[in-house]
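What follows is a single structure, written as structure tokens, with notes after it.
The values are calculated or read from the model by the stated rules, or taken from the named source; none is laboratory data. Here the structure is a predicted model, which is why all the values come from computation and not from measurement. Here Cβ is always computed from backbone atoms with ideal geometry, including for glycine, and neighbour counts include all displayed protein chains. Note: accessible area is taken over every heavy atom of the protein model, side chains too, but ligands, DNA and RNA are not part of it. Shrake-Rupley method; radii C 1.70, N 1.55, O 1.52, S 1.80 Å.
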Amino acid sequence: MQIRKNRFETRMITLTASLTALYVIPRTIILDRLIGINGAITFSGIITPVLGVFLAPSYGIFAVFLGTMIAAIIPGSAGTLKFGGLDFLGGALNVALISFLVRGRRTEATFIYLASLGLFVINPNTEIFVGSNFPSLPIPFQWFSLPSPPIPYLWLHLVALALLVSPQTRNLGDRFSFGSRRDLAKAVLVVAFIGTMIEHATGGLLFASLFGSVALRSWPFIFLVYPIERAVLVSGAVVVCTPLLLASRDLIARFRSQEASRVTRN
């Protein structure tokens, strides 16, 4: 029994190291510049579904932390540390949430998602509604600016929350292991979308906490840009992760079986 346990842990450590290396690659590639402060948003979110499928939450969090630190020291990398090095938290929650969902632990996934949104809302340096605060258009286009009712800054996060508690997140593990290519692509889309939204909320919370006055001026601009950034990351995740996970079906099924056996024994 102890030998089997040691073998499983050795395999998980090896797999974690391999996926950490995989996470580093998109972490070094810039997607967009951060608004208001120095730094960049990277493409790391396109690979998080693979980490979440293979790794339990604790292993996934460690892989993201280690991958973030490694990417930060690579010359020319876009993944320089931000927020005092705490920017790994967004990716860590992204992977942890996906890992919970794939393993059927929707309650834990919903809890951490709601906690992230709640902390964002109660922070005094965040914007709850935008609309009337949209940036003015430059001359002579200011005449095209129409009055706008207040719009929830978190509108896309609320869409992700509705998806999280919907039937679309049930039996995700089976879809990753046995579903058709189309079903697998849909499953990747679902987890990538929810995961990238909790990562965005976490990044916004860190931004508000550490750069209060700058953050208060930046929310209207971020509001206009972040749906585009998230759409690019989710689309990239579907394109990149679907063939990788499809080619790894046997390995996924094997690890799921080993995890289930270990949980049953414990």
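Using the basic label-point model (7 angstrom from Cα toward the beta carbon), what is the I74 to V225 distance in nanometres?
About 2.3 nm, to one decimal.
Using the alpha-carbon atoms, what tilt in degrees (0 to 90, nearest 10) does helix 57-72 show relative to the longest principal axis of the chain?
So the helix axis and the longest Cα principal axis differ by about 60 degrees.
Take the solvent-accessible surface of the protein heavy atoms, probe 1.4 Å, and return the percent of it on the chain that carbon and sulfur atoms account for.
That share works out to 67 percent.
Taking the mean number of other Cβ atoms within 10 Å as a proxy for protection, how do you rank 122-129, 237-244, 97-104 from highest to lowest?
Averaged packing, sorted descending, gives the order 97-104, 237-244, 122-129.
For the stretch 11-101, compute the orientation-averaged projected area of the C-alpha convex hull (one quarter of its surface), in nm².
5.4
Taking a ≥ b ≥ c as the square roots of the eigenvalues of the Cα gyration tensor of the stretch 206-246, is the shape rounded (a/c under 1.5), prolate (a/b larger than b/c) or oblate?
oblate
For V165 and R181 in one chain, what is 0.36 nm times their gap in residues minus the Cα-Cα distance, to one decimal in nm?
Values: separation 16, 0.36 × 16 = 5.76 nm, distance 2.36 nm.
Fully extending the segment from V165 to R181 adds 3.4 nm.
Provide the gained length on full extension for the span L210 to D174, in nm with one decimal, where the gain is 0.36 nm per separating residue minus the Cα-Cα distance. Walk me through the numbers before you get to the answer.
Working: separation 36, 0.36 × 36 = 12.96 nm, distance 4.10 nm.
Between L210 and D174, full extension yields an extra 8.9 nm.
How large is the helix-only mean residue ellipticity at 222 nm for the chain, computed as the sum of -39500 (n - 2.57) over DSSP H runs with n ≥ 4, divided by its residue count, in deg cm²/dmol to the nearest 500?
Rounded to the nearest 500, the figure is -23000 deg cm²/dmol.
For T80, T196, give me the order by solvent-accessible area with a 1.4 Å probe, most accessible first, ignoring ligands, DNA and RNA.
Result, largest first: T80, T196.
Given a Förster radius of 51 Å and the C-beta distance between A247 and A115 as r, what FRET efficiency does 1/(1 + (r/R0)^6) yield to the nearest 0.05?
0.90
Relative contact order, percent, of the chain when contacts are C-alpha pairs under 8 Å separated by at least 6 residues?
23
As a test question: what accessible area, to the nearest 10 Å², does V214 have when a 1.4 Å probe is rolled over all protein chains in place?
30
Classify the stretch 177-225 as rounded, prolate or oblate from the Cα gyration tensor: take a ≥ b ≥ c as the square roots of its eigenvalues, call it rounded if a/c is under 1.5, otherwise prolate when a/b beats b/c and oblate if not.
Cα axes put the stretch 177-225 in the prolate bin.
Measuring with a 1.4 Å probe in the full set of protein chains, what accessible area per residue, in whole Å², belongs to the stretch 78-122?
It amounts to 39 Å² per residue over the stretch 78-122.
Going by a ≥ b ≥ c, the root eigenvalues of the Cα gyration tensor, does the chain fall in the rounded group (a/c under 1.5), the prolate group (a/b larger than b/c) or the oblate group? Please list the in-between numbers first.
On the way: a/c = 2.10, a/b = 1.75, b/c = 1.20.
Prolate, because a/c is 1.5 or more and a/b exceeds b/c.
Sorting Y23, Y59 by accessible area (1.4 Å probe), largest first, what list results?
Y59, Y23
Where Lys and Arg each count +1 and Asp and Glu each count -1, what net charge lies around T242 among other residues with Cβ under 14 Å from its Cβ?
+4
Among 62-69, 34-41, 201-208, what's the highest-first ranking by average C-beta atoms within 10 angstrom per residue? Walk me through the numbers before you get to the answer.
Details: 62-69: 21.5, 34-41: 16.6, 201-208: 23.9.
So the peptides 62-69, 34-41, 201-208, ranked by packing, come out 201-208, 62-69, 34-41.
Taking the Cα centre of the chain as the origin and placing charges on Cβ (Lys, Arg +1; Asp, Glu -1), which of T10, V214, I47 is farthest toward the positive end of the dipole?
About the Cα centre, the residue reaching furthest to the positive side is T10.
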